[in-house]
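Undergrad: The structure is given below, and queries will be raised subsequently.
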Amino acid sequence: MIQMGLIELSGVSFAYPNGTQALSGIDFSVGAGERVAVLGPNGAGKSTLFQLFNGLLLPAAGIVTVNGRLVEKAYLKEVRRMIGMVFQDPDDQLFSSTVRQEIAYGLINLGLAGDRMEEAIAWALQMVGLSGYENKSPFNLSGGEKKRVALASVLAMRPEILVLDEPTAALDPIGAAKIIRLLNHINVELGITLVFSTHDVDAVPLLADRVYLMDKGEISLSGPTAKVFSRRDLIRAHNLRLPRVAHLAELLARDGDYRFPVLPLTIGQAKKMLLDSEDRDEIDVLAINRNV
């Protein structure tokens, strides 16, 4: 059963020194083991929100708690031990000359050394599929490999929560699919809670149980992934789009070719709905073929 409130924000507001109001009265909650996506146009406040989780920023109003612990100066070390942050651009996170040194840095700060540290490094690299990369330079790796090294450096410290900014950004389709599978594996096998922002709406149904939609520093909509994407006009009003499969389903319904019982968000969902259709003849295959 999901225990609500691993991350909890209540009435949180934040303004930057130049007067920019980044967040206004935010209520936000993530339960242990959940996968939560935060969507919204550029400037919506997503990055500011994430920096409040581990005290990189402190709210001007309202409270932020992580596992019941108030996020304030006295408890920042404890809170930051629980939360692993993975940046959008791995080059902003990687700085060591070898992959091993990159992962060791955080472990040394935790007081690990010797065999325990080497075991943690080997385990983290095995988790992200990069065993044998210890002595390689992270700067000579592909974009996808760099993202996995950055993820390994955080995983090695065994956080309870992973917070990821645009985890599939700048990746080709195969690289994005690998990251999605890896993050779901981490969530299921390690029980690590996932919170991520993204503009890649096709990835959201594959990687999120719930969605928060933000705009201008406020929460516009939140709920289960399917419910949020059912608000099609609101999604588009926030300069986002539906997943491509959902848009195809819209076009088929509009042109009278086939109407799905509910809006599918993934290829797998669409396939199942087609196979489960009680009357296969209701699918006008010729009409569909004409539009290919």
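Undergrad: Roughly what % antiparallel, to the nearest 5, for the DSSP beta bridges in the chain?
TA: On the way: 19 of 36 bridges.
Within the chain, antiparallel bridges account for around 55 percent of the total.
Undergrad: While we're looking at this one, here's another question. What is the extension gain from ARG236 to ASN140, computed as 0.36 nm multiplied by their sequence separation minus the C-alpha to C-alpha distance, in nm to one decimal? Intermediate results must be reported in sequence, preceding the final value.
TA: Values: separation 96, 0.36 × 96 = 34.56 nm, distance 3.88 nm.
Length gained between ARG236 and ASN140: 30.7 nm.
Undergrad: Still on this structure, please answer the following. Sequence neighbours fewer than 8 away in the same chain don't count; with that in mind, list the lysines whose C-alpha is under 21 Å from LYS271.
TA: Correct list for LYS271: LYS227.
Undergrad: Pick out which of ILE161, ILE267, ILE180 has the largest mean-square fluctuation in a Gaussian network model of the chain, springs linking Cα atoms closer than 10 Å.
TA: Judging by the Gaussian network model, the answer is ILE267.
Undergrad: Still on this structure: Let me know the Rg and Dmax you get for the chain when you use only its Cα atoms, in Å.
TA: Taking only Cα atoms of the chain, I get Rg and Dmax of 21.0, 67 Å.
Undergrad: I would also like to ask the following. Report ³J(HN,Hα) in whole Hz for each residue of the range 146-155, in order, from the Karplus equation J = 6.51 cos²θ - 1.76 cosθ + 1.60 where θ = phi - 60°; Gly and Pro get x.
TA: Once rounded to whole Hz, the list reads 4, 4, 6, 5, 4, 5, 4, 5, 7, 4.
Undergrad: Right, here's the next one. Rounding to the nearest 20 debye, state how big the charge dipole of the range 1-140 is about its Cα centre with +1 on each Lys and Arg Cβ and -1 on each Asp and Glu Cβ. Please list the in-between numbers first.
TA: Details: 10 positive and 13 negative charges, 44 e Å.
In total the dipole reaches around 220 debye.
Undergrad: Here is a further query. Scan around VAL64 for amide H atoms under 5 Å from its own, H built in the peptide plane at 1.01 Å from N, and keep only partners 5 or more places away or cross-chain.
TA: Close amide H contacts, sequence-distant or interchain: VAL71.
Undergrad: Across the range 143-292, how large is the tail of the calculated P(r) beyond 25 Å, expressed as a percent of all Cα pairs? It would help to have the intermediate numbers written out before the result.
TA: Numbers: 4531 of 11175 pairs.
Distances greater than 25 Å cover 41 percent of the Cα pairs.
Undergrad: Here's something else I'd like to know. Quote the Stokes-Einstein diffusion coefficient, in whole µm² s⁻¹, for the range 34-115, based on the Kirkwood radius over alpha carbon pairs, a temperature of 25 °C and a viscosity of 0.890 mPa s.
TA: The calculation lands on 163 µm²/s.
Undergrad: Just to check I understand the Karplus step: with θ = phi - 60° and J = 6.51 cos²θ - 1.76 cosθ + 1.60, what whole-Hz values come out for the range 209-214, glycine and proline as x?
TA: 7, 9, 9, 10, 9, 10
Coordinate-derived values only; no laboratory data. Remember, predicted model here, so these are calculated numbers, not experimental data. Ideal geometry is used to build each Cβ from the backbone, glycine not excepted, and the neighbour counts take in all protein chains shown.
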